[in-house]
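I have placed the structure first, in the form of structure tokens, so that the comments after it can refer back to it.
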Amino acid sequence: MWFIWRKDPKPPVKHVEEDLLQAVPQQWAGPLAVMMASFTVFCLIWFGIAKRPTSNRIREKYNLKNAVGDPSNQYDPISGQSHRFFKAELATRVLSTLHAVIVCYGAVHSLLSEPELYADMLWKTSPVCTFYFAVSMAYFIGDIILCVVMFKEYGTLFLIHALCGLFGLTVICFGHKFHFFGCIGLLWEMSTVFLNNRWLMLEYGYKRTTLFVVNSLALVLCFIVVRVVLGCPFSYMFWSQLSAARAEGMVGRWTYLAVTFMLGGFNFLNIFWAYKLVIGGYRMVVSSNSRQRPEKERPEKES
């Protein structure tokens, strides 16, 4: 008799990678994919603008000089500013404008096409909103990196703005809640378009034009209306509804405290920047009127 010896099959070994995949909720897969794809596209655009060689036309126009320690870097002999920083700032402004146009369109589209968001402002969600939240998260990740690397140029306030933006979108997108107020927050980026237009016109020598004045006034008006006149009441509405949900045990303590801190930080920055814009707009109008006012003729001295 022949006996066949069989080895008992071993139970399948569970790898660490499988645990990591299972730890990610299935509903997060879509937003994560959109976020990674958007971040890749944003990086390609930024590096395509910031790392391009300086053209001979720009070099001759601004009389750029080669830096002694880094011959590949040019600087403006009048202002002393590195042209490498200018190209990085130009790339950041272009990317910022592109992000603002995309997310503002997404917010308006969602608010107009999905009236259910108005019925339940805290808990109603939308796949369309999730898509644009994921795109905006990718932008703010890059924004945080830039604010850290170029901290001397941007400062603390811009870093706080980027951190608050990423945190708020993370809670909204991956927590699947607060989509209505998330769309209101995306609309705040509308003023960014006018802000970047102003920077471009300043850099390229269009400061003393009517278009510059019109854009500057549009910036002040848009910023105040969108971020202060509408932003503050909607922020209070968000906080009051969140407080009621917290009292009913529907919102955790840390979520409530974090969102409260985020709303306070955003509105403080918006009011502070609105004040600076109003002061700057007032000075611009006064200086413009003083340039247009003819000088009074001096009376002749009596002999």
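The values are calculated or read from the model by the stated rules, or taken from the named source; none is laboratory data. In this text the structure is predicted, and so the values were computed from the model without any measurement. Note that we place each Cβ from the backbone using ideal geometry, even for glycine, and neighbour counts take in every protein chain shown. SASA here: full protein model, heavy atoms, side chains in, ligands and nucleic acids out. Shrake-Rupley method; radii C 1.70, N 1.55, O 1.52, S 1.80 Å.
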Taking all pairs of distinct alpha-carbon atoms in the stretch 222-264, Kirkwood radius in angstrom: 11.0 Å
Cα-Cα separations in the stretch 125-214 greater than 15 Å, expressed as whole percent: 66 percent
Kirkwood hydrodynamic radius (C-alpha pairs) into Stokes-Einstein, the stretch 87-144, 10 °C and 1.306 mPa s, D in µm²/s: 126 µm²/s
With every protein chain in place, the stretch 166-264: carbon and sulfur % of accessible area (1.4 Å): 71 percent
Contour excess over end-to-end distance, with Cα ends at Val213 and Thr156 and 0.36 nm allotted per residue: 17.6 nm
Whole-number Å³ per residue for the convex hull built on Cα positions in the stretch 172-272: 101 Å³
Accessible surface, 1.4 Å probe, highest first, among residues Phe180, Phe194: Phe194, Phe180
Rg(Cα)/(2.2 N^0.38 Å) for the stretch 195-238, N = residue count: 1.49
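List, in the order given, every pair from Lys177/Lys276; Lys207/Lys276; Lys87/Lys177 whose Cα-Cα distance in the structure shown is over 27 Å. Walk me through the numbers before you get to the answer.
Working: Lys177/Lys276 34 Å; Lys207/Lys276 19 Å; Lys87/Lys177 39 Å.
Flagged as over cut-off: Lys177/Lys276; Lys87/Lys177.
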Gain in span if fully extended, Trp199 to Met237, counting 0.36 nm per residue against the direct Cα distance: 10.3 nm
Met250 versus Leu112: modelled label distance in nm, points set 7 Å from Cα along the beta carbon direction: 2.9 nm
Nearest-10 value in Å² for the accessible area of Ile141, using the 1.4 Å probe: 50 Å²
Mean Cβ neighbour count within 10 Å, used as a protection proxy, ranking 90-101, 199-210 highest first: 90-101, 199-210
